[in-house]
Structure formats: C-alpha cells, structure tokens
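The values are calculated or read from the model by the stated rules, or taken from the named source; none is laboratory data. Everything quoted here is computed from the prediction, not taken from an experiment. As a convention, Cβ positions derive from the backbone with ideal geometry for all residues, glycine included, and neighbour counts pool all protein chains shown.
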Amino acid sequence: SNELQGRVEVFYDGQWGTICDDSWGIEEAHVVCRQLGFPQAKEATTSASSRDAGNGTIWLDDVNCLGNETSLSQCAHRDWGDHNCKHEEDAGVVC
C-alpha cells in the first residue's frame, strides 16, 4: 500500500512537539490530512497502536475539532504545553 501515515507534530514557539491522543479521532485526523494536502484521513492512530512514540515537548492535549477546520490551531484544545500525557499517547494519522 502507499498509505501515508505517522505521528503528528506541530511547530510552536520555535520547537516541534507532539499531540496527546486524548479525544483524538477521525475529525482531528481529517484536519491534519487536509493541512498536509490530502482530501481526508483514512484513520486516526495512537503511538500505542503504531509504536511511533516521539520525544521532547508534548504541545497539545484534548484537541477537539468539528472536522471542517482548515488548521488544527482552529480546533479547541488545552493551553499549549498543558497536558497529562506520556509519549505512548502521541497522536497520529493515516492519510
């Protein structure tokens, strides 16, 4: 298959970081895939399922999109850097 998949990272305040998978689902994945130039997502994943954990800063948690946003930053989320997560909970997508 030629599916494009991986851990989602966001750039904020000069550094890349991951997103926690609390409330991560297909609506959020659709927004990410559209930001990357794809029509929509095939699947929302987590590091627990993909063995794709990151390291460093965890930037976002409790991201909640309607699914029609053009950017993840338009979705509701906790303050940048405010989370209760470990990297085993890093969010991912299959586009």
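Overview of results
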| read-out | value |
| --- | --- |
| Enumeration of residues in region 1-40 that are farther than 19 Å from Ala53 by Cβ and among the basic types (Lys, Arg) | Arg34 |
| Breaking point among (1) in contact with a Pro (Cβ under 9 Å, 6 or more places away or on another chain); (2) within 21 Å of Asp13 (Cβ to Cβ), for Asp61 | (1) |
| Count of residues meeting criterion [surrounded by 12 or more Cβ atoms within 10 Å (Cβ to Cβ), modelled with pLDDT under 95 and in a loop (DSSP other than H, G, I, E, B)] in region 41-56 | 3 |
| Count of residues meeting criterion [out of contact with any Gly (no Cβ under 8 Å at 6 or more places or on another chain), of a type outside the set (A, V, I, L, M) and assigned to a strand (DSSP E or B)] in region 57-90 | 1 |
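Here's the yes/no breakdown for (1) touching a residue at least 60 places away in the same chain (Cβ under 8 Å); (2) surrounded by 15 or more Cβ atoms within 10 Å (Cβ to Cβ):
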{"residue": "Val8", "(1), (2)": "yes, yes"}
{"residue": "Cys20", "(1), (2)": "yes, yes"}
{"residue": "Val32", "(1), (2)": "yes, yes"}
{"residue": "Ile58", "(1), (2)": "no, yes"}
{"residue": "Gln74", "(1), (2)": "no, no"}
{"residue": "Glu89", "(1), (2)": "yes, yes"}
